[in-house]
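Report on the following structure.
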Amino acid sequence: MTQGFTPGLQDTVAAETALSHVDGAAGRLILRGRDLDALAGQPFEAMLALLWEGTAPQKTPQPMEAEALRSALGAARQEAFALMQPLLPAARALPPVPALRLMLSALPDTQDAAIRSVAATGTFTAAIARLAMGETPVAPDPARGHAEDMLAMLTGAAPEPAQVAALDRYLVTVADHGLNASTFAARVVASTRAGTVSSVVAALCALKGPLHGGAPGPVLDMLDGIGEAGNARPWLAAALDRGERLMGFGHRIYRVRDPRADVLKAGVQTLRGSGRIALAETVEAEALALLAERKPDRPLQTNVEFYTALLLEALGWPRDSFTCVFAAGRVAGWTAHVREEERTGRLIRPQSRYVGPAPAR
Ligand code: ACO
């Protein structure tokens with residue numbers, strides 16, 4: 001029997017997960033029983049260990065402790081760096097997300113594809129950012145932590161501890177977030193048993209769109225367009241008059257402020273080169289006031305992408321690579337969901353409601 005249909009599957013529960021819960025009314029993100037705030041100061045490897053705990057395929061030895069993951073990721077970054085070399089000429093001709101898609105597609109779907117995918121996404125992202133800056137990719141150093149090495153591969157120099165802490169904070173903050181569009185895409189593909197790499201590539205394709213992971217670059221375009229605090233209100237009002245959406249605001253689930261926004265804002269404040277934070281605060285306040293006036297029935301608040309844009313800019317990532325950096329964090333959640341789906345799920349095969357013409361008799 002065909003059940004009811006809700007556009008965008010809004011309010012539809014489409015999976016059970018022990019990984020994360022988005023409490024949209026309270027503005028809380030719970031990851032394996034812990035609030036994001038309690039996890040935000042940890043290295044990315046600790047979040048990966050937390051998400052992967054108990055999800056490894058049976059009979060597959062997987063390092064589960066953060067320290068073991070740190071060295072396994074280091075080795076896998078080196079493999080990824082070697083694997084991507086023949087792909088660099090093609091990648092150079094592509095925008096960042098298609099370049100990342102190309103490189104990830106080349107990963108072998110072996111039993112350790114989850115760790116390869118996580119290591120490779122960070123390695124490829126740094127290389128793609130270097131290409132965008134007209135530079136040659138920098139080789140990884142397996143002795144470094146993942147965030148530290150991503151920054152070293154981006155700049156070619158040893159990063160400052162505050163920069164490493166800020167990137168770890170970002171990668172941890174975006175690592176998992178319930179059944180968002182890209183994670184759902186990963187689970188659909190995993191449910192067909194197509195494998196981890198195929199699931200990760202599908203997830204990246206979903207992440208690319210401006211309504212999901214493609215928003216933070218346009219947040220900076222908005223700040224550039226506004227230029228100075230006094231222009232904020234007229235600029236934002238004109239954008240809304242044109243029917244545009246304000247990037248970095250609104251969310252399907254949160255009806256209050258996205259808790260990730262404050263975690264990332266705290267990260268931005270620790271960085272030198274975050275000179276635009278005063279402008280951003282004004283733009284945020286004006287945008288929230290305008291959205292409350294224009295959309296009184298729809299509580300629209302700041303989402304994760306607003307302060308993501310400032311944090312990644314202050315760390316030196318080129319703005320068109322922001323979605324790739326997002327993928328470098330979210331791949332932790334994608335791979336955990338893939339494992340969970342493979343262990344517990346059934347083929348995902350919903351029904352559609354036919355609204356086309358009836359056949360002629
Ligand atoms: N600016 C202006 N109006 C908005 C915004 C916004 N940022 N977000 C939603 N609205 C309005 C819509 O126009 C719509 O109004 P209407 O009913 O009068 O047409 C109403 O609010 C509801 O919008 P929906 O699209 O139904 O809400 P949904 O829950 O599907 O959208 C989304 C969520 C896609 C994130 C939306 O808020 C948006 O487009 N935001 C801007 C892009 C963005 O920041 N994306 C990153 C999201 S976070 C992430 O994915 C990691």
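The values are calculated or read from the model by the stated rules, or taken from the named source; none is laboratory data. These figures come from a predicted structure and were not determined experimentally. Here the Cβ positions follow ideal geometry from the backbone for every residue, glycine too, while neighbour counts run over all protein chains shown. Surface accessibility is based on the protein's heavy atoms, side chains included, excluding ligands, DNA and RNA. Shrake-Rupley method; radii C 1.70, N 1.55, O 1.52, S 1.80 Å.
Miscellaneous remarks
- All distinct Cα pairs of the range 273-361 go into the 1/r average, and the inverse of that average, the Kirkwood radius, is 17.8 Å.
- Exposed loop positions in the chain were taken to be GluC sites (Glu not before Pro) whose DSSP state is not H, G, I, E or B and which have at most 15 other beta-carbon atoms within 10 angstrom. Between these positions, the longest stretch is 245-361.
- Only the Cβ atoms of Lys and Arg (+1) and of Asp and Glu (-1) were treated as charged; on that basis the dipole of the range 216-309 about its Cα centre amounts to roughly 300 debye.
- Modelled label positions at R298 and R346, each set 7 Å beyond Cα in the direction of Cβ, lie 3.5 nm from each other.
- Over all pairs of different C-alpha atoms, the range 119-263 has a mean inverse distance whose reciprocal, the Kirkwood radius, equals 17.9 Å.
- Cleavage-rule hits, chymotrypsin sites (Phe, Trp or Tyr not before Pro), the range 276-361, DSSP coil, Cβ neighbours within 10 Å at most 14: Y354
- Model label sites at A266 and D35, defined 7 Å from Cα along the beta-carbon direction, differ in position by 0.9 nm.
- DSSP-loop trypsin sites (Lys or Arg not before Pro) across the range 257-303, with at most 11 other Cβ within 10 angstrom: R272
- Normalising the Debye intensity of the range 248-307 to I(0), with uniform scatterers on Cα atoms only, and taking log10 at q = 0.26 Å⁻¹ returns -1.10.
- Quarter of the Cα convex hull surface for the chain, i.e. its orientation-mean projected area (nm²): 20.9 nm²
- Note on the range 254-341: with charges restricted to the Cβ of Lys and Arg (+1) and Asp and Glu (-1), its dipole about the Cα centre is near 60 debye.
- For the range 167-265, the set of chymotrypsin sites (Phe, Trp or Tyr not before Pro) satisfying both a DSSP loop assignment and a count of at most 12 other C-beta atoms within 10 Å is empty.
- Pair-distance profile P(r), taking every C-alpha pair of the range 1-40, with 5 angstrom steps and integer %: 5, 18, 21, 20, 13, 11, 7, 3, 1
- Radius of gyration and Dmax over the Cα atoms of the range 179-254, both given in Å: 16.9, 54
- Spatial separation of Cα centroids for the range 282-361 and the range 153-216, in angstrom: 11 Å
- Leading residue at positive end of dipole, the chain (Cβ point charges), from A287, Y354, N231: Y354
- For the range 121-129, 3J(HN,Hα) computed residue by residue from phi via the Karplus equation (6.51, -1.76, 1.60; θ = phi - 60°) reads 4, x, 5, 5, 4, 5, 5, 5, 5 Hz, glycine and proline entered as x.
- With every protein chain in place and a 1.4 angstrom probe, the accessible-area ranking of R193, R346, R92, R187, largest first, reads R346, R92, R193, R187.
- Residues with amide H under 5 Å from that of R28, placed H, sequence gap 5 or more: D23
- Its Cα centre serving as origin, the chain has a Cβ charge dipole (Lys and Arg +1, Asp and Glu -1) of approximately 1140 debye.
- Cubic angstrom per residue, convex hull over Cα atoms of the range 209-361: 182 Å³
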